[in-house]
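Participant: Please find one structure pasted underneath; my questions will follow.
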Amino acid sequence: MLRAIQADITTLQVKAIVNAANESLLGGGGVDGAIHRAAGPELLAACREIGGCPTGEARITPGFDLPADYVIHTVGPVWHGGQQGEATLLANCYRHSLELAQQHNIRSIAFPGISTGIYGYPKDEAATIAVSICREFEDHFDEIIFCCFSAEDRQRYENLLNN
């Protein structure tokens, strides 16, 4: 089941939340910083051991102090106008996160809007990619949530899910 909600991703009772991380995995602003703060210092230590993550790929850690058992870290592309493979990289973020979840028998997962904050990816295009990729995996999960920061973002996903 795919659904969109407006909530704080760090409070969700799901098996895994996805972190829109940077390549270092050592925390940053936006959702990345919020997840690191909520998970506690053990998350930073676990991410240091991983040693980073290339754009479009995903890595997994425990959730530590979060309600979620796991954090799947994925690095979205910075928007450069759409001519530098951004769509493929963003699709890979969702695809690799969902494949990693399957490998760990995770049946419920929540995504933020990857790359739509400081990385500047256009929200409509990003949401279309997110929903398209997640639909490919829908039958393998009990629940895939698009966790939105604003009501406007939630409505954007709901419109796509209802079409």
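Bear in mind these aren't lab numbers, they're just calculated from the coordinates by the rules spelled out. The structure displayed is predicted, hence computed values, not measured ones. Quick reminder, even Gly has a Cβ in these numbers, built from the backbone with ideal geometry, and neighbours come from all protein chains shown.
Participant: What net charge do the residues around Leu90 carry, taking every other residue with its C-beta under 13 Å from that of Leu90, with Lys and Arg at +1 and Asp and Glu at -1?
Facilitator: Local charge sum for Leu90: -2.
Participant: Can you list the residues, at least 5 places off or on another chain, whose amide H is less than 5 Å from the amide H of Ala4, using H built in the peptide plane?
Facilitator: Correct list: Phe146.
Participant: Would you calculate the volume per residue, in Å³, of the smallest convex hull containing every Cα atom of segment 70-163? Show your work: numbers first, answer last.
Facilitator: On the way: hull volume 9.1 nm³, N = 94.
So the per-residue Cα hull volume is 97 Å³.
Participant: Right, here's the next one. Can you list residues from other chains, or at least 5 along the same chain, whose modelled amide H is less than 5 Å from the amide H of Val14?
Facilitator: Sorted by chain and number, the residues that satisfy this are Ala68.
Participant: Just subtract the alpha-carbon distance of Met1 and Glu152 from 0.36 nm times their residue separation and send over the number in nm, one decimal.
Facilitator: Details: separation 151, 0.36 × 151 = 54.36 nm, distance 2.11 nm.
The Met1-Glu152 span can extend by a further 52.3 nm.
Participant: Stick to the Cα atoms of segment 101-156, pair each with every other, and give me the Kirkwood hydrodynamic radius in Å at one decimal. If you can, show how the numbers build up before the last one.
Facilitator: Numbers: mean 1/r = 0.0827 Å⁻¹.
Computed over segment 101-156, the radius equals 12.1 Å.
Participant: Give me the orientation-averaged projected area of the Cα convex hull of segment 13-91, in nm², one decimal. Before the final figure, lay out the partial values.
Facilitator: On the way: hull surface 20.2 nm².
Average projection, Cα convex hull of segment 13-91: 5.0 nm².
Participant: What does the extension gain come out to for Arg48 and His80, with contour length at 0.36 nm per residue minus their alpha carbon separation? Before the final figure, lay out each step's value.
Facilitator: Values: separation 32, 0.36 × 32 = 11.52 nm, distance 2.83 nm.
Full-extension gain reported as 8.7 nm.
Participant: Now for a separate question. With viscosity set to 0.692 mPa s and temperature to 37 °C, compute the Stokes-Einstein D of the chain, Rh being the Kirkwood radius across alpha carbon pairs; µm²/s, no decimals. Kindly include the intermediate steps, with their values, before the conclusion.
Facilitator: Numbers: Rh = 15.3 Å.
Calculated translational D: 215 µm²/s.
Participant: Can I ask one more? Note down the net charge around Ile109, summing +1 for each Lys or Arg and -1 for each Asp or Glu among other residues with Cβ under 15 Å from its Cβ.
Facilitator: Numbers: positive: Arg3, Lys15, Arg59, Arg95, Arg107, Arg135; negative: Asp69, Glu99, Glu136, Glu138, Asp139, Asp142, Glu143.
Here the count lands on -1.
Participant: With the chain treated as a Gaussian network of Cα nodes joined by springs under 10 Å, which of His140, His73, His104 yields the largest mean-square fluctuation?
Facilitator: Result: His104 has the largest fluctuation of those listed.
Participant: Can I ask one more? At 7 Å along the Cα-to-beta-carbon direction for both Thr88 and Asn159, put a label point, then send me their distance in nm to one decimal.
Facilitator: Taking the two extended label points, one gets 2.9 nm.
Participant: Right, something else. Counting only other residues whose beta carbon sits under 14 Å from that of Glu42, what net charge do I get with K and R as +1, D and E as -1? Don't jump to the answer; show the numbers that get you there.
Facilitator: On the way: positive: Arg37, Arg48; negative: Glu49, Asp65, Asp69.
Within the 14 Å Cβ shell, the charges total -1.
Participant: Of Ile133, Ile50, Ile109, which has the largest mean-square fluctuation in a 10 Å C-alpha GNM of the chain?
Facilitator: Ile50
Participant: Give me the extension gain from Asp69 to Asp124: residue separation times 0.36 nm, minus the current Cα-Cα distance, reported in nm with one decimal.
Facilitator: Working: separation 55, 0.36 × 55 = 19.80 nm, distance 2.99 nm.
Full extension of this stretch gives 16.8 nm more.
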